Structure formats: C-alpha cells, structure tokens
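These notes concern the structure reproduced below.
The values are calculated or read from the model by the stated rules, or taken from the named source; none is laboratory data. Quick caveat, the model's predicted, so the values are computed rather than measured. Here the Cβ positions follow ideal geometry from the backbone for every residue, glycine too, while neighbour counts run over all protein chains shown. Side chains included, ligands, DNA and RNA excluded: accessible areas come from the protein's heavy atoms. Shrake-Rupley method; radii C 1.70, N 1.55, O 1.52, S 1.80 Å.
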Amino acid sequence: MILRTGVDLVDIHRLQEALDEHRQRFLERVFTPGELGLGNGSAQFLAGRFAAKEAVSKALGVGIGVIRWQDIEVLRGENDEPCLRLSGEAARLAQQMGLDTWSVSISHSASQAVAVAVALGTQP
C-alpha cells in the first residue's frame, strides 16, 4: 500500500492581489473553465482551489512546472465535496506511482485557505 499526502496554506489577500494585478491571465493559467464556473470569482473559493492544486502536486512529489496548474482540477462531488480530476502529466505521474484513490479537503477562514490531499494506491 502507498500513502502520499500534501498540504498547502494560501493567504487570501495575496491571491486577491494576483487577481487584481493579472486577473484574466492568472485565471486562465491556473484554473479550468469548470473551476471558474463554480467560484463566481470569489477570492476565498479560488484560494481554496489554489491550495488544493498545490497540495496535490506535493502529494505527487513534484512542483507546479513539472505539472501544469490545469492538470489538477478540483470540482464538486454529489454532496458539494471537493472532487479531484487529474489529466496530463499529473495523471501520468499518479498512474506511474500507482496512486488511484484521492481525497481532498479544503477549508478557509476570512484570511487563509488550507487544503490537504491524500492519495492511496499500490505499487505499480
């Protein structure tokens, strides 16, 4: 059995500054159309998704750059829980590592968003 984890904490104010300075370019580079459709541009929502993407990349043992931001998509499941969808290099790495079951949790306060990603699998 393989167990991999990642966690990330994002300052919502810093994410808001990035949105204010580079809004469209930043949004298109980091978030998928599906994610943008869910958040209505809320900095709190987007900070949670940003943290989740970072947490997943840490669980994969690589940084953004090896994988693309949009290779990690965090949508909503049947009960509005975060639901992870990997594509591209992130999916290839997860498969290569034998990681086939993922859980993502996101929470935030007025100033910070945190996400934890847990991956399980078996040796490939």
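Observations, loosely collected:
- The magnitude of the dipole of region 1-67, with charges of +1 and -1 set on the Cβ of Lys/Arg and Asp/Glu and taken from the Cα centre, is near 220 debye.
- Here the chain exposes an accessible surface that is 49 percent carbon and sulfur, computed with a 1.4 Å probe and the other protein chains kept in place.
- 17 Å tail of the calculated P(r), the chain, as % of Cα pairs: 54
- Highest-first packing order for the peptide set 2-8, 44-50 is 44-50, 2-8, based on the mean count of other beta carbon atoms within 10 Å.
- Here the chain is treated with +1 on each Lys and Arg Cβ and -1 on each Asp and Glu Cβ, and its dipole about the Cα centre works out to around 240 debye.
- Farthest toward the positive end of the dipole of the chain, out of LEU15, ALA110, LEU86, is the Cα of LEU86, where the dipole comes from beta carbon charges about the Cα centre.
- Backbone phi angles across region 6-13, fed through the Karplus curve with coefficients 6.51, -1.76 and 1.60 (θ = phi - 60°), yield HN-Hα couplings of x, 9, 8, 10, 10, 7, 4, 4 Hz in residue order; Gly and Pro are listed as x.
- Taking 0.36 nm per residue of sequence separation and removing the Cα-Cα distance, the LEU120/SER105 pair yields an extension gain of 3.9 nm.
- At a probe radius of 1.4 angstrom, the accessible area of the chain per residue rounds to 54 square angstrom.
- In the chain, helices alone account for a calculated mean residue ellipticity at 222 nm of -13500 deg cm²/dmol, with every DSSP H run of four or more residues adding -39,500 (n - 2.57).
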